[in-house]
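Here the structure is laid out as structure tokens; the discussion comes afterwards.
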Amino acid sequence: MRIRFPRRLAAGVLVCLVATLCLAAELHAQQPSAPAARSEQDKQAYRKAMETADQKIADEVKAHSELIKNLEHLTTQIGPRLTGSPQMQAASQWTLQRFRDYGIDAHLETTQIAHAWTRGQDTASIISPISRTVPIRSFGWGEATPGAVTGNVKVVEAKTLADFDNYKGQLKGAVVLMGKPSTLRPENEQADNAYDAVIKPSQGVPQPRMSFRERLQLFKMIAAEQPAVVLLDSDKWDNLFNMGGGYNKYQPSEAPMAFISHEDYDLIYRLQQAGPVNMKVSLNGTFSAGQVPASITVAEIKGTEFPDQRVIIGGHLDSWDLGQGALDNGTGAMAVLEAAHTLKALGWQPKRTITFILFTGEEQGGIGAETFLKNHAAEIPNMDAVLIHDTGTGKVFSIALEDEYETAPLMTEIYQPLQEVFDLRPLSTRVFGASDHVPFMKAGVPGYFCVQKPAHYGQAHHSQADTFDKVIPDQINEGAAFLAAWAWNVSEMPSPLPHHPASVSNNMF
């Protein structure tokens, strides 16, 4: 899941496909008119039938799930999966075969990215006023340093772009710290959901801060000053690293950039407040010579009555490379695979086509979702809805409506049987964004997000702790059953969910 780094990086940027979305807007007028009112008797019959079906789905997953076996292979035998890497392409090929093993029609859809990136052996140390080795990890798609570079530490604290005027002419050859150390959530404070375990929700009057575009502009302004390197606080307890990057369209960052642990960042900051600090840094990531393929895995069970209408469930198969890509987002991807396995095993024939998508490039702005929308632009009006699973192993306890209140009446009907079977809270009125449903929403398609229990997600997210041992089998298996049941309920709803006008905005939230 893409997450903005508090005071460091805003949310991952989606480079919208303007042509695709314009086509979606043009085709929006072709949407069916509002469905005729249904009798209370019809609604109750639908609810009873869906409760029965959803319970059978849950029972099938409990009895025959292969999710954990598949997830262990993905995280252990294939491992972390940077977009464009050999491991990511191997994962796409492997999942393609797994869908086919289950008797499900599947194929790959492939695009090209500018460069693959491979992490090197990065090193850093404080030279003075103390001598200390500092573990360091390059920013994804971060430019390498020209060998080991040394420089004095300079803290840049800019609340607005105009504030940067105070630093012009002072950063050449410097080791730049991006502001004060983060204020972390108290370790004993429990988050309500996995998303909030990474980003604490605002309380009281929101503090003004730069937009994502402004943050990008600030980085450009810093890079123009030719610093030796830019260091970011990992924003996590216990010396865990964070990871992000690749937002520059898979091109090298404009200056060498790296993360250090919160504890080391705090130490360097405090030393610098007392006097000059000198550091040595060596970043050694490498780039492919040219473009490389990046694939998504697409599978489907064809509908019988409305085969041209799609119900989509998905999760992203790519991951960062510090851990094993287990909770972000091997769990979501394998839950989608297991949902397909379950529905096929039951032998049911849905009214609408159910499509299963394992995305790539979610962590760098959503290139996988963009690729699907571009390839299927003419079909956008018939994409009934999409639901994404992307916050780890914890129990799904709600679905976020994402401000799509025009869909609430039908979504309530679809959701009520799920509440009975899976013990859910009401539909969430929160807006989460930041995952592969957002490009669909921008295209006018109803897009929803699974709201999950934290279950180690704040610790594991984008860190070296994102490993298979964190997986909770019962909860993620239930998540797979939930995805399958939601897809089934939508496929059997007499009326399609209403679309909304397409947008050309590239704001991820």
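The values are calculated or read from the model by the stated rules, or taken from the named source; none is laboratory data. The structure presented is a predicted model; accordingly, all values stated were derived computationally and were not measured. Quick reminder, even Gly has a Cβ in these numbers, built from the backbone with ideal geometry, and neighbours come from all protein chains shown.
Contact annotation: residue pairs with Cβ atoms under 7 Å, 6 or more positions apart or on different chains, pairing a residue in segment 101-124 that is within 30 Å of residue 245 (Cβ to Cβ) and surrounded by 14 or more Cβ atoms within 10 Å (Cβ to Cβ) with a partner that is basic (Lys, Arg) and at pLDDT below 95, are 114/249.
Any residue at all in segment 252-266 that's part of a helix (DSSP H, G or I), small (Gly, Ala, Ser), assigned by TED's automatic domain parsing to the domain that holds residue 164 and within 29 Å of residue 360 (Cα to Cα)? Within segment 252-266, not a single residue is part of a helix (DSSP H, G or I), small (Gly, Ala, Ser), assigned by TED's automatic domain parsing to the domain that holds residue 164 and within 29 Å of residue 360 (Cα to Cα).
Would you mind finding the one in 53, 58, 90 that is within 28 Å of the chain's Cα centre (by Cα), farther than 30 Å from residue 245 by Cα and not acidic (Asp, Glu)? Can you show your working first?
On the way: 53 fails: within 28 Å of the chain's Cα centre (by Cα); 90 fails: farther than 30 Å from residue 245 by Cα.
Checking each option against the conditions leaves just 58.
Could you run through segment 299-320 and say how many residues are in contact with a Phe, Trp or Tyr (Cβ under 9 Å, 6 or more places away or on another chain) and either basic (Lys, Arg) or surrounded by fewer than 24 Cβ atoms within 10 Å (Cβ to Cβ) (or both)?
Summing the residues that are in contact with a Phe, Trp or Tyr (Cβ under 9 Å, 6 or more places away or on another chain) and either basic (Lys, Arg) or surrounded by fewer than 24 Cβ atoms within 10 Å (Cβ to Cβ) (or both) in segment 299-320 gives 3.
For segment 364-387, what are the residues that are closer than 15 Å to residue 319 by Cβ and touching a His at 6+ places or on another chain (Cβ under 7 Å)? Scanning segment 364-387 gives a single hit, 368.
Can you spot a residue in segment 432-440 that is in a loop (DSSP other than H, G, I, E, B) and of a type in the set (Val, Ile, Thr)? Checked against the condition, which is being in a loop (DSSP other than H, G, I, E, B) and of a type in the set (Val, Ile, Thr), segment 432-440 yields no hits at all.
Residues in segment 455-498 that are over 27 Å from residue 59 (Cβ atoms), in a loop (DSSP other than H, G, I, E, B) and out of contact with any strand residue (DSSP E or B) (no Cβ under 6 Å at 6 or more places or on another chain): 456, 461, 462, 463, 464, 465, 466, 467, 495, 498. Beta carbons closer than 6 Å, at least 6 apart along the sequence or on distinct chains, pair a first residue in segment 148-172 that is over 19 Å from residue 257 (Cα atoms) with a second that is surrounded by fewer than 15 Cβ atoms within 10 Å (Cβ to Cβ) and not polar (S, T, N, Q) for 161/214.
Within segment 288-298, track down each residue that is of a type in the set (A, V, I, L, M) and within 20 Å of the chain's Cα centre (by Cα). Show your work before the answer.
Step one: filter segment 288-298 for residues of a type in the set (A, V, I, L, M), giving 289, 292, 294, 296, 298.
Scanning segment 288-298 gives 294, 296, 298.
Tell me the residue from 51, 72 that is acidic (Asp, Glu), assigned by TED's automatic domain parsing to the domain that holds residue 346, modelled with pLDDT of 95 or more and out of contact with any Ser or Thr (no Cβ under 8 Å at 6 or more places or on another chain), please.
Numbers: 51 fails: assigned by TED's automatic domain parsing to the domain that holds residue 346.
Going through 51, 72 in turn, the sole match is 72.
Consider segment 428-449. How many of its residues are in contact with a strand residue (DSSP E or B) (Cβ under 6 Å, 6 or more places away or on another chain), surrounded by fewer than 23 Cβ atoms within 10 Å (Cβ to Cβ) and over 10 Å from residue 403 (Cα atoms)? Final tally of qualifying residues: 1. Checking each residue in segment 459-476 for being of a type outside the set (Ser, Thr, Tyr) and surrounded by fewer than 22 Cβ atoms within 10 Å (Cβ to Cβ) picks out 459, 464, 465, 468, 469, 470, 472, 473, 474, 475. For segment 79-121, filtering for residues that are in a strand (DSSP E or B) and among the polar types (S, T, N, Q) leaves 4.
Working carefully through the options 92, 138, find the one that is buried (at least 20 other Cβ atoms within 10 Å of the Cβ), within 20 Å of residue 363 (Cα to Cα) and touching a Phe, Trp or Tyr at 6+ places or on another chain (Cβ under 9 Å). Break it down into steps so the answer makes sense when it comes.
Working: 92 fails: touching a Phe, Trp or Tyr at 6+ places or on another chain (Cβ under 9 Å).
The unique qualifying residue is 138.
For segment 435-448, the criterion of being closer than 25 Å to residue 62 by Cβ and either more than 18 Å from the chain's Cα centre (by Cα) or not charged (D, E, K, R) (or both) is met by at least one residue.
Listed by first and then second residue, the pairs linking a residue in segment 264-276 that is surrounded by 11 or more Cβ atoms within 10 Å (Cβ to Cβ) to a residue that is part of a loop (DSSP other than H, G, I, E, B), with Cβ atoms under 6 Å apart and 6 or more places separating them unless they lie on different chains, are 264/134; 265/181; 266/181; 269/181; 271/277.
Among the residues of segment 125-169, just one is at positive phi and either in contact with a helix residue (DSSP H, G or I) (Cβ under 7 Å, 6 or more places away or on another chain) or among the hydrophobic types (A, V, I, L, M, F, W, C) (or both), namely 141.
Please go through segment 158-204 and pick out each residue that is of a type in the set (Phe, Trp, Tyr) and modelled with pLDDT under 95.
Scanning segment 158-204 gives a single hit, 164.
For residue 170, only one of the following conditions fails: (1) assigned to a loop (DSSP other than H, G, I, E, B); (2) under 20 Å from residue 247 (Cβ atoms). What is its number? So residue 170 meets the others, but not (2). Scanning segment 59-72 for residues that are in a helix (DSSP H, G or I) and either among the hydroxyl-bearing types (Ser, Thr, Tyr) or within 20 Å of residue 461 (Cα to Cα) (or both) gives 68, 71, 72. Taken as a whole, segment 147-165 holds no residue that is crowded, with 16+ Cβ neighbours inside 10 Å and hydroxyl-bearing (Ser, Thr, Tyr). Evaluation of residue 451 against the conditions (1) touching a Lys or Arg at 6+ places or on another chain (Cβ under 6 Å); (2) part of a strand (DSSP E or B); (3) not charged (D, E, K, R) shows that the sole unmet condition is (1).
For segment 334-374, a residue qualifies if it is under 16 Å from residue 54 (Cα atoms) and in a loop (DSSP other than H, G, I, E, B), and the qualifying residues are 347, 348, 349, 350, 351. Within 20 Å of the chain's Cα centre (by Cα) and not in a helix (DSSP H, G or I), is that true of residue 501? Criteria not met by residue 501.
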